[in-house]
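The block underneath contains the structure these notes are about, expressed in structure tokens.
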Amino acid sequence: MPRFAWRHLLGALGLSLLFAASSLAQTSSLEGDVKDENGQPLVGGLIKLERKDIRGNYQTKTNKKGHWFHAGLPLGTYKVSLEVNGKVMDFADNVRTKFGDTEKVDFNLAEQKARQVAAAAGVPLTQEQARQMTPEQRRQIEEATKKRQEQLGKNKALNDAFNAGKEAMNTKNWDGAIEAFNKANEMDPKQHVIWGSLAECYVQVANTKTGAEQQAVVGKAMESYAKAIELKPDDAAYHNNYGLALCRFGKMAEGQAELAKAASLDPQNAGRYFYNLGAILVNTGKAEEAYEAFQNALKADPNYAEAHYQVGVYLLSKASVSADGKVTPAPGTVEAFQKYLELKPTGPFADSAKGSLQALSASIETQFSTKPAKKSRK
């Protein structure tokens, strides 16, 4: 063959190879894993690949591991659909393939089922989602939607009753609040917040009663607190309120146990729970027990200003007076009042603390302010 012919043949062959390489370079691949409604690999699922930018259709099936793969696809944008028994179960739209990388598209029918449940719970379906469902699936969703609407009607009545109770509490209409909360409990006895609110109302009513009548209301309050705690045992506020109610109506040991439980559940606010106990004990004339509670409050929170003041008040009662009228405070008295003034120089007990310090000794410095004192010059 003449030399020029070989040159033309080689040139044409080179050009042909160039086009072939160029064509090969423009292909891509897609793959993914498919799981059935039980989360197991779906075998034999039909995967349809519909090219959207330029018309083209391809398909493959999942293997025994639920995996599918299709190579040699032109670069482009695809709609990837999963069909089972001739029905589209799920799809991914606008999937763009990439040169050199395999784009992954997974399907999980368990998640698809969860989406259907969400739709039944009131989340609107798209037209495409509705089209993909069987008549039976649509019927189930319609029934579930109807039930949900009925439940929402009950919830509205429940919320109305609860809100009415709260409004009555705000105006101190305790009897009206009790009636509303009991109505709410009849609709749903599993709401701890209703039982807790009902207990507070019974405590307020009990404060206005005496004798056997008071005891009957107290019993209802305790039952309501116990029910709230049964439904939400980790709520420190319920234990705190229950404990205070127990202490207020004479059950000191049980009350202290509940307050200690509140402190263990909510260590950050343990100082407040012990302080509340001390306040109850002071009001019932149990000064020694109250002092111990205030000390426990300070152990939990050394900067609990009010607890320092109450400790000072208790120790003030332990001051000794000599025959010539000189007052000798019990150890720690002055420090307790001073600490309170340091923490809350303009607090509600500030004037009382300063007055106590002045009464103890005219030499005690009582001028406290929010600004640090200036150093005196010699």
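No lab work stands behind these numbers, since they all come straight from the coordinates. What you see is a predicted model, and the numbers here were worked out from it, not measured in a lab. Cβ: placed from backbone, ideal geometry, glycine included. Neighbour counts: every protein chain shown.
Here are the numbers for this structure:
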quantity	calculated
Label-to-label distance, nm, for residues given as residue 77 and residue 38 (7 Å Cα→Cβ offset)	4.0 nm
GluC sites (Glu not before Pro) within region 178-224: DSSP coil, no more than 10 neighbouring Cβ in 10 Å	none
Full-extension gain in nm, residue 92 to residue 251, via 0.36 nm per residue minus C-alpha separation	50.7 nm
Local net charge near residue 230, Cβ-Cβ under 12 Å (Lys/Arg +1, Asp/Glu -1)	0
Proximal charge balance of residue 279 [Cβ under 14 Å; K/R count +1, D/E count -1]	0
Estimated FRET transfer efficiency when R0 is 30 angstrom, pair residue 346-residue 320 (beta carbons, to 0.05)	0.40
20 Å Cα-Cα threshold exceeded, pairs from 227/261; 156/220; 286/339; 35/104; 190/251; 190/232	156/220; 286/339; 190/251
Calculated FRET efficiency for the pair residue 287/residue 182, C-beta based, R₀ 41 Å, to 0.05	0.55
Estimated vicinal HN-Hα couplings, Hz - region 251-262 in sequence order (Karplus 6.51, -1.76, 1.60; Gly, Pro = x)	9, 5, 4, 5, x, 5, 5, 5, 5, 5, 5, 4
Per residue, the convex hull volume that the Cα atoms of region 200-294 enclose (Å³)	83 Å³
Sequence-distant residues sharing a close amide H with residue 28 (under 5 Å, placed H)	72, 73, 75
Projected label distance in nm at residue 171 and residue 52, using a 7 Å step from Cα toward the beta-carbon	5.9 nm
